[in-house]
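These notes concern the structure reproduced below.
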Amino acid sequence: MRRKAYWQLTLSQLRIFVRNRQVVFWSLMFPVFFMVMLGSFIGGGGGISLGGLVLDEDQSAVSQQLVKKLQTSEVIEFTSFTGTKGSSREQALEQLKQGDTQLVLVIPRGYGERVGQAKVEAETEVEASQVAQVLYYYDETNRLTYETGRLFVSQVVDEFSKSQLDYKPVVTVQEKGVLSLQLEYIDFLVPGIVAMMIMSNNLNGVAGQIASWRERGILRRMQGTTLKASTFIAAQITARLSLNGLQAVIVLLVGFFVFGTQVNGSWWLLMTFVVLGTLSFMSIGFIIAGLAKTPESAGPIAGFISFPLLFVGGIFFPIKDMPEFLQPIIHTLPIAQLTTALRQVMNVGADLTLLWPQLLYLGLWTVGAFWIASVTFKWE
């Protein structure tokens, strides 16, 4: 009997959703429209100037001359990079891999000594044993950046090299390719749109619907039957999980066919986070529904919570761009953990060994918020 009631309530909830065209539009078509609109205007990120990092490991007078020569250019904006002692090169290359810079130029230790040795050998007409080298690391996935940077760096180094002694080259460029994440804004945006849809549909949707059913006496009539609260809540969860899963797949397919975005990681892991996100925001929605006395008050309360999360939760802007004092607080929010997990799975192909903190955070939010919801839930 309980199982039959569960399936009937689940199907009823799905029918209510399908028959309400406004709900279908705002919960599904609006996120898709929003994604297409933003992706069409700024999805490619627009044109940006070429920039790079120069890492002077030698710290000699000769190497500093080359750094100054590079930084006077108007073609490439070179920034001097200093990292943790012993790992500066690894940190610079990590920025290149993550797409935070477009090329890295390394002046290795011993550069100044080799330049001096090459000068002596040239003056005494002795065959050069070894010329000094600078290392040019570039992004293998961006051919245009590679060609532009290679031509510029080679020209600057060649001019600097020949200026050292009688136009004889004493410095050469050694090229090294690095495979980076070539991501555009649309790759950042699509996971954020999925997270936004999950938050809006469940936090705002559950709060408004349950408050409306309570005011209309529907929950009171349900309470008068043999229906248990656990069966009612389970049916709500199943219906919304089905809808959110379908909506997420539709958004991802639109992103793939329209903009070429991909899911580089596991689809199962991606849908696991969709489920956890749904449960987390449903639980918060039930809390709001329990606290709100009328549907009119449920909407503003839900909006008061969800609206700020659109801007601080990493949906449209990276969390790392937020003020530093706010970032620890933001990272405790379920929307921040959800957007991070979805992006890591889609863009980087991360697995559970890297995403277990996000899984744990969302699990704790779900358990804690559902416990509060069970205390605050009211049939009348």
*asked:* Give me T238, T278 sorted ascending by neighbouring Cβ count inside 10 Å, so fewest comes first.
replied: T238, T278
*Is there a pair in K68/K320; K228/K293; K69/K320 whose C-alpha atoms are over 27 Å apart, and which pairs would that be?*
K68/K320; K69/K320
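Bear in mind these aren't lab numbers, they're just calculated from the coordinates by the rules spelled out. Keep in mind the model is a prediction, meaning the values are calculated, not measured. FYI the Cβ positions are ideal-geometry reconstructions off the backbone, even for glycines, and counts take in every protein chain you see.
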